1. Could you work out the helix-only [θ] at 222 nm for the chain, with each DSSP H run of four or more residues adding -39,500 (n - 2.57) and the total divided by the number of residues, to the nearest 500 deg cm²/dmol?
2. Could you work out how far apart the two model spin labels at A217 and N204 are, taking each label as a point 7 Å from the Cα in the direction of the beta carbon, and quote it in nm?
3. Pairing the Cα long axis of helix 223-236 with the longest principal axis of the chain, what angle in degrees results, from 0 to 90 and rounded to the nearest 10?
4. Using modelled backbone amide H atoms (1.01 Å from N, in-plane), which distant-in-sequence or interchain residues come within less than 5 Å of I310's amide H?
5. With angles folded into 0 to 90 degrees, how steeply does helix 373-405 sit against the dominant principal axis of the chain? Use alpha carbons for both and round to 10.
6. What is the magnitude of the charge dipole of the chain about its Cα centre, with +1 placed on the Cβ of each Lys and Arg, -1 on the Cβ of each Asp and Glu, and no other charges, expressed in debye to the nearest 20?
7. Calculated FRET efficiency, L362 and K405, Cβ-Cβ r, R0 60 Å, to nearest 0.05?
8. Would you mind telling me the share, in percent, of accessible area of the chain contributed by carbon and sulfur at probe 1.4 angstrom?
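The values are calculated or read from the model by the stated rules, or taken from the named source; none is laboratory data. Keep in mind it's a predicted model, so treat the numbers as computed, not measured. Every residue, glycine as well, gets a Cβ built from its backbone with ideal geometry; the counts of neighbours run over all protein chains shown. Side chains are part of the model used for accessible areas, which takes the heavy atoms of the whole protein and leaves out ligands, DNA and RNA. Shrake-Rupley method; radii C 1.70, N 1.55, O 1.52, S 1.80 Å.
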Amino acid sequence: MAICTVSSAHSLSAACHVAAPARAGQPRQVIVFGVGGRRARRGGSGVTVVTCAAAGDAKTVVIGLAADSGCGKSTFMRRLTSVFGGAAEPPRGGNPDSNTLISDTTTVICLDDYHSLDRTGRKEKGVTALDPRANNFDLMYEQVKSLKDGVAVEKPIYNHVTGLLDPPELIRPPKILVIEGLHPMYDSRVRDLLDFSIYLDISNEVKFAWKIQRDMAERGHSLESIKASIEARKPDFDAYIDPQKQHADAVIEVLPTQLIPDDNEGKVLRVRLVMKEGVKYFSPVYLFDEGSTISWIPCGRKLTCSYPGIKFNYGPDVFYGNEVSVVEMDGQFDRLDELIYVESHLSNLSTKFYGEVTQQMLKHADFPGSNNGTGLFQTIVGLKIRDLYEQIVAEAASAALQAAKV
Ligand SMILES: Nc1ncnc2c1ncn2[C@@H]1O[C@H](COP(=O)(O)OP(=O)(O)OP(=O)(O)O)[C@@H](O)[C@H]1O
Ligand SMILES: O=C(CO)[C@H](O)[C@H](O)COP(=O)(O)O
């Protein structure tokens with residue numbers, strides 16, 4: 001057991017580095033005397049015991065998922081956690097309005113919890129939740145860093161029911177931490193902590209159609225109020241949220257179909273999976289032949305398609321100055337069990353067995369987007385994240401073995 005003093009209650013992870021040199025296979029405990037910080041000000045003793053990870057332990061892998069509200073983040077998270085098995089649930093016995101979801105492998109935290117202004121505060125100051133001034137990026141950085149370093153944190157909770165900031169909840173370092181919300185890639189310090197980042201890019205037309213579906217059909221909002229809310233958010237969305245996509249390792253773009261001329265129903269979608277080249281532990285998926293440019297209509301004997309059919313495109317491209325590979329699917333599946341035919345023509349899927357993508361899609365056939373490219377590409381990215389995690393763990397284990405030999 002080592003002893004040290006830190007200048008802020010949020011620097012607990014630093015204590016692990018200064019007080020006890022890491023040894024392979026040996027977790028260490030450090031007693032920390034905090035000389036300031038919130039914990040001490042709240043009347044706490046200022047003394048904390050921190051358990052630090054052993055050298056060679058895989059650090060928490062951190063994934064960032066950015067998107068506007070109502071753009072499918074929760075649906076994507078359900079697909080991702082399902083890839084690892086086990087159900088994701090809010091912290092047991094905690095705040096019923098917690099935004100956190102915990103499963104055996106993953107903890108998903110919602111960055112709305114780092115709003116520094118509550119609903120009334122934003123109204124008084126005339127700022128939206130998308131505005132960086134309504135969010136505490138220092139705390140976001142410190143807590144994500146602590147979790148990545150293997151140290152538990154007391155994370156605030158933004159209560160969407162009351163619009164207030166509730167007392168914090170304890171978050172322990174998981175194997176995989178997903179930070180989802182409006183700003184996972186906005187602050188460069190937080191961005192640098194991410195092992196992989198995804199941006200869900202929903203075009204305005206489609207966002208509007210989904211908002212109507214949820215907020216009008218399911219929540220009783222009027223068409224006018226939905227339009228007004230989208231319009232009110234747009235300037236801040238364009239200024240602070242949308243630019244984050246240039247930093248993403250994978251972008252899922254959701255656009256209106258090009259198979260139906262002047263379609264304005266927004267039911268059939270064209271979805272593009274844009275994958276950055278050269279990202280550590282991530283190799284882009286391809287269709288038929290890596291690096292080539294391909295247009296493929298799979299409809300016919302092996303894939304049933306009704307109007308307007310299905311079209312895939314694949315090829316290299318440049319996205320915000322970065323080399324990327326893009327797989328695109330326009331249209332929707334009639335029969336999900338036939339998806340295996342499409343899956344067998346895609347390579348680098350990081351599946352563990354033949355047909356795993358199809359199996360995952362069939363398992364969640366009731367999730368929104370299961371009959372089109374949104375569900376398909378979210379599932380594929382979920383498998384890629386599992387693969388990335390397994391590579392990082394294997395590398396850490398091999399480093400620990402090396403260290404033990406030395
Ligand atoms: N792939 C999809 N295809 C069709 N509709 C979708 C799709 N994904 C989401 N939706 C629609 O958008 C709504 C919001 O989805 P979801 O709850 O996953 O988004 P969210 O980003 O987590 O939202 P919020 O941040 O507001 O909680 C769903 O109720 C559904 O109507
Ligand atoms: O953009 C959002 C992310 O979910 C919300 O609008 C923001 O968190 C504010 O929430 P609420 O409208 O419940 O006060």
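1. Dividing the helical sum by the residues of the chain leaves -8500 deg cm²/dmol.
2. Distance between the two pseudo-spin positions: 2.4 nm.
3. Approximately 60 degrees, to the nearest 10.
4. For I310, whose amide H was placed from the backbone, the distant partners under 5 Å are C299.
5. It is inclined by approximately 40 degrees.
6. Dipole about the Cα centre, nearest 20: 1260 debye.
7. E(calc), rounded to 0.05, equals 0.85.
8. Of the solvent-accessible surface of the chain, carbon and sulfur hold 51 percent.
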